[in-house]
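Everything below concerns the one structure shown next.
The values are calculated or read from the model by the stated rules, or taken from the named source; none is laboratory data. This structure is a prediction, so every number in the text was calculated from the model and none was measured. In this analysis, Cβ positions are derived from the backbone assuming ideal geometry, glycine residues included, and neighbour counts consider all displayed protein chains.
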There are 2 protein chains.
Amino acid sequence: MADSSSGGENLLFLTDEQLRKGIEAMFFAYRGFTADPDRILAQHDYGRAHHRALHFINRSQGTTVSNLLSVLGVTKQSLNRVLRTLIADGLVEARVGRRDRRERHLYLTEAGRTLEAELSEAQRARMRAAYRAAGPQAVAGFRQVLEAMMEEDMRRHYLALKETRR
Amino acid sequence: MADSSSGGENLLFLTDEQLRKGIEAMFFAYRGFTADPDRILAQHDYGRAHHRALHFINRSQGTTVSNLLSVLGVTKQSLNRVLRTLIADGLVEARVGRRDRRERHLYLTEAGRTLEAELSEAQRARMRAAYRAAGPQAVAGFRQVLEAMMEEDMRRHYLALKETRR
DNA sequence: CTTGGAAAGTCAACAACACTGACGTAAAAG
DNA sequence: CTTTTACGTCAGTGTTGTTGACTTTCCAAG
């Protein structure tokens, strides 16, 4: 195991008390995490599902519907409802695949990029503030714990997403 | 500011790229965070809202409805629907306040404690595994970042919760 | 003692977002 | 040519959240 800790045999952080506090921290923090985008989305008559779609389409321009499906972990019916409105509103474009014409490759339009940027900036602002307040070491730990908390499938998607050229 | 970092002026962790990865980590991790309790809840025909109610009633036995309301951040109508089923199913007991008889003080029954323990243990198991994998330093950072990410009101609730005698 | 207002609860209607199941179409794969 | 894959859609359902309106209870201040 990763026994490279500092203090050595200090396992106080594994107390049920400590674990419960971690659980509560996740709960309260997640509310903050979604609060700012939620406010913007409400103005545009969209919901969190739209935000998630915009985010991941932006992150993986040209991704297929089925890939997006497995990243988001929802059914195609659920995703389709959201995707349909985004396409109808001209925020997302679905291009028929060239090699495989069954596939739809998803792209953000100019308007889509604008809204995505607005949502992302709001969310990043809070994240930035939290990161700045906590410092680089804390951020590294934050990411380590979150990564270890993911289900296997999701971790694969997460790691795949990391491979963006800096 | 907390300038007690190691490297000094290393601000690479505030890159938009890094921030986006943090956002994605939160998204994927939160799914893992809720996955295990969700499976148990489905068997009992309950949802996440029931879990949250059980958790916070357990944490603050004797809390009032209005306090629970502001901790959970939902409307009383929404909470009431959940609370009604929990009371009807004999998992929660609502006692009329002695000093103020308008208030209802909420307690878990034996059955309530049993289910809460089952849900909590499942969630703690994952948290424990993540903590163990990441180590004490990472856990400290994790908590710092999450705390900084909360909205003010929620942070107050969170900190109030922390004051449990160890 | 009356009254104002807070606390709690209820009813009704609605919306977002998830699910299952079934079906259809187009196109790639065999 | 048949099967499988990718996508879309229709219909129905459930959980969880919301507003708005209304009642009951009851503490506390005038």
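Restricting to the range B:35-47, count the residues that are of a type outside the set (D, E, K, R), assigned to a helix (DSSP H, G or I) and surrounded by fewer than 18 Cβ atoms within 10 Å (Cβ to Cβ). Of the residues in that region, 4 qualify. Of the residues B:LEU159, B:LEU146, the single one that is under 13 Å from the mean Cα position of the chain (by Cα), more than 7 Å from chain A (Cβ to nearest Cβ) and of a type outside the set (Val, Ile, Thr) is B:LEU159.
With the requirement that a residue be surrounded by 15 or more Cβ atoms within 10 Å (Cβ to Cβ) and within 30 Å of B:PHE13 (Cα to Cα), what does the range A:93-117 give you? If the condition is that a residue be surrounded by 15 or more Cβ atoms within 10 Å (Cβ to Cβ) and within 30 Å of B:PHE13 (Cα to Cα), then A:LEU106, A:TYR107, A:LEU108, A:THR109, A:GLY112, A:ARG113, A:LEU115, A:GLU116 are the ones that fit.
Comparison of B:VAL71, B:VAL92 shows that the only residue that is more than 17 Å from the chain's Cα centre (by Cα) and either over 19 Å from A:LYS21 (Cα atoms) or not hydroxyl-bearing (Ser, Thr, Tyr) (or both) is B:VAL92. Starting from residues that are surrounded by fewer than 17 Cβ atoms within 10 Å (Cβ to Cβ) and not small (Gly, Ala, Ser), keep the ones in the range B:118-131 and report whichever is farthest from the other protein chains (Cβ to nearest Cβ). Among those that are surrounded by fewer than 17 Cβ atoms within 10 Å (Cβ to Cβ) and not small (Gly, Ala, Ser), it is B:GLU118.
Let's see how each residue does on (1) at pLDDT below 95; (2) surrounded by fewer than 18 Cβ atoms within 10 Å (Cβ to Cβ):
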position: A:MET1; (1), (2): yes, yes
position: A:GLU9; (1), (2): yes, yes
position: A:ALA53; (1), (2): no, no
position: A:VAL71; (1), (2): no, no
position: A:SER78; (1), (2): no, yes
position: A:VAL82; (1), (2): no, no
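For the range B:73-90, indicate whether the set of residues that are more than 10 Å from DNA strand C (Cβ to nearest atom) and within 14 Å of chain A (Cβ to nearest Cβ) is non-empty. For the range B:73-90, residues more than 10 Å from DNA strand C (Cβ to nearest atom) and within 14 Å of chain A (Cβ to nearest Cβ): present. As a summary of the residue check, A:SER66 satisfies the conditions (1) within 14 Å of chain B (Cβ to nearest Cβ); (2) within 13 Å of DNA strand D (Cβ to nearest atom) except for the one numbered (1). The listed residues are A:ARG113, A:ARG104, and the only one of them that is within 12 Å of DNA strand C (Cβ to nearest atom), of a type in the set (D, E, K, R) and more than 7 Å from chain B (Cβ to nearest Cβ) turns out to be A:ARG104.
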